[in-house]
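For reference, the structure discussed in these notes is given below.
The values are calculated or read from the model by the stated rules, or taken from the named source; none is laboratory data. Only a predicted model underlies this, so the values are computations on that prediction, with no experimental measurement involved. Positions of Cβ are generated from backbone atoms using ideal geometry, with glycine treated the same way; all protein chains shown enter the neighbour counts. Each accessible area value is taken on the protein alone, full model and side chains, heavy atoms only, with ligands, DNA and RNA left out. Shrake-Rupley method; radii C 1.70, N 1.55, O 1.52, S 1.80 Å.
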Amino acid sequence: MRSKIITKIIITTGVFFLINVILLLSIKGFRTSTNKNEVELPINRGISRKVQSNIISPASMSLLPKIDVLLPIVVFACNRPRALQLHIEALLKIRKNTELNPIIISLDCQDSATIQVAKNFSDKIKTIIELPDLGPLDVPAGQQQLFGYYRIARHYGYSLNHILNVLNYEAIIITEDDLEVSPDFLEYFQALYPLLKYDKTVWCISAWNDNGIDKKIDRQANLLHRSDFFPGLGWLLTKTVWNKIKDKWPKAFWDDWMRKPEQRRDRACIRPEVSRTGISPEGKKGVSGGQFYDHYLRKIIKNIDPIDWKTIDLSYLVKDRYDREFQARIDTCPVITLSDLNEMNNDTKCAQLRYSNKKEFVAIANTLEIMNDFKV
């Protein structure tokens, strides 16, 4: 019964739990504009290394620009040769322009089999980065079992800085060897890069939906959201953002560190309703030991529908408009309790479930069978 009713969940959090948090259930998503009278900016068919942040005026233009931007794909890998093989093959299959999306493979671990896989693609990729000897890892006493997380953080820190500040790229798409990608994965980032440059309240674009499980989502393939949560798992990072955080880069658990308020600074990430990435079975072999894989991650579905991103007006994601329309939709939804879920019927369009502490959130997440991993 619930699976028929609950087609989508959006979680809005308040600071330090002082604001009630709302889960929207079964709401039809934001619709992109279909007004043919709106003025569309011309498409620049050339390749640009950067987009000027003042490229459009929100008062005079309803559409974000449609341009082609150089966005290298950086693939992080260690010691999973088969995972790397499958991932690069998948990227090559969907890549339409080698100049727009050169592939850089970044390797740690000095694993000979993985290095050979990377070299086998030498004529199809831009370059291979092999981490130099950076000395012993500084792992605190008593945390040796977390060695892998320290190694990953160091790998990311070195390569992100090398690619953005030595190779001098303005922005990069970051992937890992155990990710599957949707057919429109690269076009998705091309379409959203102008928003990242224009709206300073956005600091990353992610291809991932943590709760992108079938029957828990709206299958509208072009539906996107602003999120306070950093999703990662296929994401777009700019040199500007990197240079503001690189000096504080953590020794371990870099993704959790990215989610802290002092990094986010009240900015949002854009994430899709239908994921553009999935976790392959190779993901069970990583440092986390397959945590969450069987119960959640393997169930995440990725988009298979063709999307012409250059025809879609994404200006509804600009903060002022998004917040206004999002709040208006919330206000139409009745507040319910967990016990009310069994009373809901197929005519219910939406509802609010509010929580004020971790225990209440986990209870809601468990009932809805969504990710209950809690991050402040």
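If you filter the stretch 169-209 down to residues that are at pLDDT 95 or above, assigned to a helix (DSSP H, G or I) and not aliphatic (A, V, I, L, M), you find that the one that is surrounded by the fewest Cβ atoms within 10 Å (Cβ to Cβ) is E187.
Annotation note: of Q220, Q263, the sole residue that is out of contact with any strand residue (DSSP E or B) (no Cβ under 6 Å at 6 or more places or on another chain) and not in a helix (DSSP H, G or I) is Q220. The residues on offer are K285, K239, K215, and the sole one that is of a type outside the set (G, A, S), in contact (Cβ under 8 Å) with a residue 12 or more places away in the chain, within 23 Å of I103 (Cα to Cα) and in contact with a helix residue (DSSP H, G or I) (Cβ under 9 Å, 6 or more places away or on another chain) is K239. How about the stretch 344-371: which of its residues are among the polar types (S, T, N, Q) and crowded, with 17+ Cβ neighbours inside 10 Å? Result: T348, Q352. Considering each residue of the stretch 117-135 in turn, at least one proves to be open to solvent by less than 20 Å² (accessible area, probe 1.4 Å) and under 20 Å from D247 (Cα atoms).
For the stretch 316-326, does any single residue satisfy the condition of being assigned to a loop (DSSP other than H, G, I, E, B) and surrounded by fewer than 11 Cβ atoms within 10 Å (Cβ to Cβ)? No, the conditions are met nowhere in the stretch 316-326. For L341, indicate whether it is modelled with pLDDT under 85, open to solvent by less than 80 Å² (accessible area, probe 1.4 Å) and at negative phi. Judged against the criteria, L341 is a match.
When the test is whether a residue is open to solvent by 30 Å² or more (accessible area, probe 1.4 Å) and of a type outside the set (K, R), T240 passes it.
For beta carbons closer than 8 Å, sequence separation of 6+ or different chains, a first residue in the stretch 341-362 that is assigned to a helix (DSSP H, G or I) and a second that is open to solvent by less than 20 Å² (accessible area, probe 1.4 Å) and not acidic (D, E), the qualifying pairs are L341/I5; F361/V21; F361/Y355. Of all the numbered requirements in (1) without any contact (Cβ under 8 Å) to a residue 40 or more places away in the chain; (2) part of a helix (DSSP H, G or I); (3) buried (at least 19 other Cβ atoms within 10 Å of the Cβ), K93 misses one, and that requirement is (3).
Across the stretch 105-148, which residue is farthest from L70 (Cα to Cα) among those that are touching a residue at least 60 places away in the same chain (Cβ under 8 Å) and not in a loop (DSSP other than H, G, I, E, B)? Looking at residues that are touching a residue at least 60 places away in the same chain (Cβ under 8 Å) and not in a loop (DSSP other than H, G, I, E, B), I get L146.
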